[in-house]
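S.K.: The following block contains the structure, expressed as structure tokens.
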Amino acid sequence: MRIRLLLVLVMALWGSAFASSKLAVNEVPHTVAGFLRFLIGTVVLLIVLRAPRLPAADAARAAGLGLVGVFGYNFLFFLGLALAPAADGSVIVPMAAPIFTVAVTALLGRARLSRIRMVGLTVAIAGAGVFFLGIPATGSHRLLGDLVFVAAAACWAGYTMLGAPLLARLSAPTVTVYATAAGTCALGLVAAPELPAVRWSELNLEFWLNQAYLGVLPTALAYVLYYRAVGQVGPATAAAAMFLVPAFGLSCAWLLLGESISSTQALGAALMFVGAWLNTRAEAPRETRPPAPQPVDVRS
């Protein structure tokens, strides 16, 4: 029960990150916004958790996870925010990620794709089609941004699935430190050409407080808690918790940005929710779940 309550907290933090990150993208290039968020998060993780020594092979695997789930996901996430409303992303990413997770685990033979799950996939795909058809014809790059959000969801699903075997042997904080540091380095390389053009002196206190929030809570804290949940309850159950993100995300997008989705998009979102729920309401019997690692005292 405790780990599920922590998952709710993680989803609330991630839901708020859509609107908060959009505020950052409005001030600086999307590559710089992503890099700053994870630079702060990495510094916090290194101060609090330090970097435990790992064999070279395990360190490389954890760093590889960071390239998928930190660099890949967040490069696409912030690019999507630069093109489309945060409200769209807060629906697409958490709905698509569990579907990708279930579909890939079924293809790999790690989960049984039952009839009800086939129905769920069909409903979710139909819902995605309705959602995209409901995008207002504003002449912007909103459709492209929403497609980028779909790609980001695929990266997140990969991060969840690829991380599960590593968590059978390593603690969630250890994996998170190495993955976040590697992903941050990659984000920094991509952001480097944009850094000289940023008018740093014009960024106000509100911007930096927002960056501090993003770096400490939705990044450093939430990533550790999420991977701890993956290690204890499995990737499908952890991914299923992402159904909570749209509620938090849409609320924050409305409160902070005045954004909303159209009625047609709302219908599509509802169909995606139903389809995703049918696929992840319970873990399939054949799904492999790694044993939970021993708890680590993160205060040291």
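S.K.: Measure off, as a whole percent, the carbon and sulfur share of the 1.4 Å-probe accessible area of the chain, all protein chains present.
M.R.: 68 percent
S.K.: Test of understanding: what is the full-extension gain from residue 2 to residue 119, defined as 0.36 nm times their sequence separation minus their Cα-Cα distance?
M.R.: So the chain would gain 39.0 nm between residue 2 and residue 119.
S.K.: I'd like to check one number: the per residue accessible area of the chain, probe 1.4 Å, reported in Å² as a whole number.
M.R.: On a per-residue basis, 44 Å².
S.K.: Give me the one-decimal Kirkwood hydrodynamic radius in Å for the range 1-137, with the sum taken over alpha-carbon pairs.
M.R.: Computed over the range 1-137, the radius equals 17.7 Å.
S.K.: On to the next question. Loop-only trypsin sites (Lys or Arg not before Pro) in the range 48-154, please: DSSP not H, G, I, E or B, and at most 14 other Cβ atoms within 10 Å.
M.R.: 50, 53, 112
S.K.: With a ≥ b ≥ c the root eigenvalues of the C-alpha gyration tensor of the chain, is it rounded (a/c under 1.5), prolate (a/b larger than b/c) or oblate?
M.R.: Verdict is oblate for the chain.
S.K.: Also: Checking the a/c ratio against 1.5 first, then a/b against b/c, what shape does the Cα gyration tensor give for the range 148-252?
M.R.: prolate
The values are calculated or read from the model by the stated rules, or taken from the named source; none is laboratory data. Everything numeric here is computed off the predicted structure, so don't read it as measured data. All Cβ positions, glycine included, derive from the backbone under ideal geometry; neighbour counts span all protein chains shown. To get the accessible areas, we keep the full protein, side chains included, count just its heavy atoms, and leave off ligands, DNA and RNA. Shrake-Rupley method; radii C 1.70, N 1.55, O 1.52, S 1.80 Å.
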